[in-house]
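The values are calculated or read from the model by the stated rules, or taken from the named source; none is laboratory data. On a predicted model such as this, the values are computed, not experimentally measured, just so you know. Cβ: placed from backbone, ideal geometry, glycine included. Neighbour counts: every protein chain shown.
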Amino acid sequence: MAVDAALATVPAPGSAFPDLELPDHTGRLRSLTEIAGGDPLVLVTSRGWWCPKEQRFLRGLVALQDELEIAYSRLAVLSIDPPEVSAAFRAGLGARFLFLSDEERVWLDALGLSETTDTVHHPYRPATFTLFPDLRVHRAYNGYWFWGRPTLEELRRDLREITRAIRPDWELA
Amino acid sequence: MTGSSRLVWDGETLATALGSPGRRFRADPRCFAGEPVADAWAHVCALPDEDAKLPYDDVTVQQARRDALAWWLPRLGDSLVCLTTLAVDPVNFGGAVTVATHPDAFADDPFARVFPGTVVRTDLFCRVPPPPGPALERYSGAAWPGGSFEPRRNR
């Protein structure tokens, strides 16, 4: 897939996140639109399985998955790990959400999310995006510093705000 | 989306034709909306007995869906054709069908913990990507993993 690396702009709130199409942890091609499936989507870019900060953060997201599963909300993690590595990491975490693999680093520069301080792995910069079903960005979090990442409460707040905006029967009256 | 959701099971044969003998279920219509995969294998975890049903919200059925997302579907790999649960009505689960091009992995089907599985040959099902997760809840009574609220998006 040809991606215009010249864009190199981190998707900001209010803008449309590109509809990436990448292999998931089983190797199947998935688009972000397919993953969202008409629901709010949390998209996490992650350095990779080897990073202790990613391990800790994703364990936190595993704690949230029980709620996501029954609340019509989606979650996906994007890294440069190959599908088979993501599959093993996912199984080790006990995650049931989807991992996307950009092993070829097709989108890394185009999204402006290259981790410039890691010249060994050349991974994604950690970030979290809460997205509307049409992939508009609601909020974006820079997770380079661990405390920049959203707490589970902040994700709940974002998903509540998005759900309120898209479900016409949200209000009691 | 095209394709009927009707699926009939008599304990030995799957059918979609109107009037076919057996127990009638609603399946994910995406499974019948494309080019059928010839000589596939179906693992039918359902019984022809009309009383063999549980609410979709039963913890056993919920956990089988979690297991399907976590490890069942990834284990099937490229041999997976599609998966659908079988809805009896808007509330009740009558079983599930997993379709693959090879039957080796069916012994681990998490839905076989709910209703016993039977392996049959089938030409009825087309390829449908497995659900990306993590949605486990059904959309307005659709047979999981089908359905969505997509027509309402962007409001």
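Within segment B:14-72, how many residues turn out to be among the charged types (D, E, K, R) and either crowded, with 22+ Cβ neighbours inside 10 Å or in contact with a Gly (Cβ under 8 Å, 6 or more places away or on another chain) (or both)? Residues in segment B:14-72 being among the charged types (D, E, K, R) and either crowded, with 22+ Cβ neighbours inside 10 Å or in contact with a Gly (Cβ under 8 Å, 6 or more places away or on another chain) (or both): 5 in total. The condition (being in contact with a Leu (Cβ under 9 Å, 6 or more places away or on another chain) and within 21 Å of B:Asp108 (Cα to Cα)) is satisfied by just one residue among B:Gly77, B:Gly11, B:Gly22: B:Gly11. Looking across A:Glu21, A:Glu54, A:Glu67, one residue alone is within 13 Å of A:Leu159 (Cβ to Cβ), charged (D, E, K, R) and more than 7 Å from every other protein chain (Cβ to nearest Cβ). It is A:Glu67. Condition first: more than 14 Å from every other protein chain (Cβ to nearest Cβ), within 24 Å of B:Arg24 (Cβ to Cβ) and among the charged types (D, E, K, R). Can you find one or more residues in segment B:135-153 that meet it? No, segment B:135-153 contains no residue that is more than 14 Å from every other protein chain (Cβ to nearest Cβ), within 24 Å of B:Arg24 (Cβ to Cβ) and among the charged types (D, E, K, R).
Per-residue answers, yes or no, for (1) closer than 26 Å to A:Arg96 by Cβ; (2) of a type outside the set (S, T, N, Q); (3) in contact with a Ser or Thr (Cβ under 6 Å, 6 or more places away or on another chain):
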| position | (1), (2), (3) |
| --- | --- |
| B:Thr13 | no, no, no |
| B:Ala17 | no, yes, no |
| B:Ala38 | no, yes, no |
| B:Trp41 | yes, yes, no |
| B:Cys45 | yes, yes, no |
| B:Leu54 | yes, yes, no |
| B:Arg65 | yes, yes, no |
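Going by what's in this entry, would A:Leu41 be described as within 14 Å of chain B (Cβ to nearest Cβ), at pLDDT 95 or above and over 17 Å from A:Leu155 (Cα atoms)? Against the criterion (within 14 Å of chain B (Cβ to nearest Cβ), at pLDDT 95 or above and over 17 Å from A:Leu155 (Cα atoms)), A:Leu41 does not qualify. So, in segment A:89-116, of the ones that are hydroxyl-bearing (Ser, Thr, Tyr) and at pLDDT below 95, which residue ends up nearest to A:Gly48 (Cα to Cα)? The extreme case among them is A:Ser114. Of everything listed in (1) surrounded by 21 or more Cβ atoms within 10 Å (Cβ to Cβ); (2) over 30 Å from A:Gly27 (Cβ atoms); (3) not small (Gly, Ala, Ser), the single unmet condition for B:Thr85 is (2).
Against the list (1) at pLDDT 95 or above; (2) touching a helix residue (DSSP H, G or I) at 6+ places or on another chain (Cβ under 8 Å); (3) within 13 Å of another protein chain (Cβ to nearest Cβ), the condition A:Ser31 fails is (2). Across segment B:117-149, the qualifying residues are those that are out of contact with any His (no Cβ under 7 Å at 6 or more places or on another chain) and aliphatic (A, V, I, L, M), and the one among them that is surrounded by the most Cβ atoms within 10 Å (Cβ to Cβ) is B:Ala143.
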